[in-house]
Amino acid sequence: MYTGTLKSKSSGLKIVYRNTSLKCSVVRRRGADGRIPVRTLDRGASSSAAAAEPTGYPGGPYDTSLLVKYEHHVARHIWFGEERGPKKELKVAGHGLKLNSRVPLALPPQMESWVSRSGLASLQRTSLNKIDTNLVSAFVERWHLETSSFHMPFGEMSITLDDVACLLHLPIRGIFWSPQDVTEELAVELAVDYLGVSQSQAQSHVRSCRGSYYKLEWLYDIFVHHRAASSWAYATRAYLLMLVGSTIFADKTFTLVEARYLLLFRDLDGCSGYSWGAAALVTLYRYLGDASMYSCKQLGGYPTLLQCWIHEYFPTVGKRGENWNPAGNCGLPRAMRWSYRQGVLKVDDLRPILDELTPTDVIWRPFEDHRAWRVFDEICLYRGCLKWGETVVPYLPDRCLRQFGYRQYVPSPPLDCMMATDIDVDWISYHQSVVDVIGSSSVATTPSEVVDGYLEWYYRVSHPRLVPPHRDAPREVPVPVYDVGPSDPDWARVSTLIRRYLRQVNAEEEDPQFSDLFEALHISRSH
């Protein structure tokens with residue numbers, strides 16, 4: 001095996017090309033599904049895996065033991081120029097504008113007490129008015145349900161429990177809700193008992209929904225009616241169900257919420273015991289997994305959570321408005337920091353931008369200035385399954401350790417949630433899991449530090465880029481070796497913007513007309 005190195009003068013990014021002919025014999029014949037058969041036995045691969053002759057894909061993954069559903073993933077199709085449909089972006093359910101009209105400036109004190117104790121009060125103000133569907137779609141294309149993470153050019157990242165706690169101020173400790181089937185008949189009974197509507201009214205409404213659902217608009221009307229009549233319990237249940245149905249439990253209908261969620265609010269004094277943060281994350285993970293498949297054209301869940309997460313971690317990607325500076329905030333949920341600004345970049349414009357991102361383009365720990373209001377909870381490092389209702393997803397912080405300030409190592413294989421039987425017990429006894437996750441690592445000396453060999457492993461089991469350099473011939477994607485960039489987020493952003501411009505104009509450092517910009521780039525990278 002031989003290794004060659006090329007270094008871009010404009011970006012400071014070294015690309016290492018490795019001839020792997022001694023390690024991997026690649027048959028350059030693409031199958032009907034885009035696969036390239038591969039024979040390999042490398043670090044982390046078992047002899048049984050080699051005997052099974054796993055098949056790889058152009059651009060990766062070359063080892064398919066990790067992303068077992070990649071054949072159906074949208075990224076595989078994008079590599080060959082195949083789009084989901086005439087519209088490249090997903091259809092996204094956002095209720096921000098409706099909530100602005102439905103959430104009153106102040107609730108009656110009788111209701112305010114229940115809403116505040118529920119742990120859901122922050123959801124009244126966190127929604128973006130609109131969603132940048134192109135920006136959100138570009139990140140969804142990098143999500144993988146096997147790992148519950150976004151696969152970026154420099155490794156994996158994810159939306160964590162800590163992100164939910166800081167962005168939405170939802171409680172992350174608490175119990176999971178177990179599933180309960182609700183028939184149309186039971187949906188009617190629940191509406192009569194807990195929403196205070198007549199039997200005939202409930203029957204007519206559920207019938208119009210064609211299933212065990214309630215319309216969000218109907219719930220708002222019930223809330224208004226009972227508030228005027230001072231029927232505070234009925235009004236509060238309708239209000240909270242409308243609130244979660246428009247935010248963390250938003251589905252792809254845009255107009256309905258499942259009737260079974262009313263069961264969460266039967267006891268208004270006891271609903272504070274749920275892990276609402278985990279509920280939001282499980283729901284979003286589930287919809288991200290669906291939307292990452294080529295056949296899906298729509299995203300459910302709470303898109304505000306995803307878009308605000310992007311704004312916090314990727315300061316140079318997308319367009320956003322800023323309502324206040326983090327240093328001067330007064331303890332509000334961090335999602336309220338951001339406001340919608342219409343982006344000009346489409347999905348296919350954003351793909352190569354994401355492909356070129358380096359670790360210095362990321363603010364790895366964006367919430368350190370928010371700890372006065374949300375102290376880091378070690379339960380966020382729990383590795384295991386999260387569940388809400390019948391939905392179970394893997395939560396794997398060992399795959400995104402840099403977001404917690406630790407050096408990233410090659411993580412363990414993902415969990416098989418289908419085999420998990422004691423999720424509630426594992427959640428309660430999370431301490432050993434946390435020890436296992438961070439015990440194999442150490443505190444990072446630089447924000448984006450990884451162990452030797454991590455990127456080589458990652459580029460073998462993942463697809464680090466979505467846009468191939470040449471569509472006519474599949475080839476291995478070179479493994480980058482990133483120079484250490486600025487440690488200060490503001491200097492990192494300056495460095496990124498200068499570097500991006502120099503790339504766009506194909507600038508050379510020897511060219512006198514760009515000498516000042518290159519000097520500014522070097523200065524920014526030294527901070």
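The values are calculated or read from the model by the stated rules, or taken from the named source; none is laboratory data. None of the values given here were measured: they were computed from a predicted structure. All Cβ positions, glycine included, derive from the backbone under ideal geometry; neighbour counts span all protein chains shown. Just the protein is used for accessible areas: all its heavy atoms, side chains included, with ligands, DNA and RNA removed. Shrake-Rupley method; radii C 1.70, N 1.55, O 1.52, S 1.80 Å.
Structure notes:
- Normalised by residue count, the range 365-454 yields a Cα convex hull volume of 115 Å³ per residue.
- Along each principal axis, Cα extent of the range 208-249, largest first, Å: 30, 24, 13
- Placing a label point 7 Å from the Cα of Glu390 along the Cα-to-Cβ direction, the residues of the range 173-195 whose backbone N falls under 20 Å from that point are 176-190.
- In this label model, Arg210 and Thr421 are separated by 4.1 nm, measuring between points 7 Å along each Cα→Cβ vector.
- Averaging the sequence gap over all C-alpha pairs within less than 8 Å and six or more residues apart, then dividing by the number of residues, gives the chain a relative contact order of 21 percent.
- Working note: 222 nm ellipticity from helices only, DSSP H runs with n ≥ 4, each -39,500 (n - 2.57), summed and divided by the residues of the chain, gives -10000 deg cm²/dmol to the nearest 500.
- Per residue accessible area of the chain, 1.4 Å probe, in Å²: 43 Å²
- Taking the Cα centre of the chain as reference, the dipole from Cβ charges on Lys and Arg (+1) and Asp and Glu (-1) amounts to some 1020 debye.
- Asp163, Asp369, reordered so the largest accessible area comes first (probe 1.4 Å): Asp369, Asp163
- Cleavage-rule hits, chymotrypsin sites (Phe, Trp or Tyr not before Pro), the range 56-163, DSSP coil, Cβ neighbours within 10 Å at most 15: Phe80
- Given charges at Cβ of Lys, Arg, Asp, Glu: the range 388-456 dipole, positive-most of Val435, Val392, Thr445: Thr445
- Here the chain exposes an accessible surface that is 51 percent carbon and sulfur, computed with a 1.4 Å probe and the other protein chains kept in place.
- Sorted from greatest to least, the principal axis extents spanned by the alpha carbons of the range 345-403 come out as 37, 35, 20 Å.
- Normalised by residue number, the volume inside the convex hull of the Cα atoms of the chain is 162 Å³ per residue.
- Largest first and in whole Å, the equivalent-ellipsoid semi-axes of the range 211-341 read 29, 21, 14, each the square root of five times a Cα gyration tensor eigenvalue.
- Cα centroid separation - the range 285-364 against the range 152-195, whole Å: 21 Å
- Rg/Rg_globular for the range 295-388, with Rg_globular taken as 2.2 N^0.38 Å and Rg from C-alpha atoms: 1.26
- Charge-dipole axis of the chain as Lys and Arg at +1 and Asp and Glu at -1 on Cβ define it, positive-most pick from Trp177, Val140, Phe514: Phe514
- Debye log10 I(q)/I(0) at q = 0.21, 0.23, 0.33 Å⁻¹ for the range 374-413, Cα point scatterers: -0.74, -0.83, -1.14
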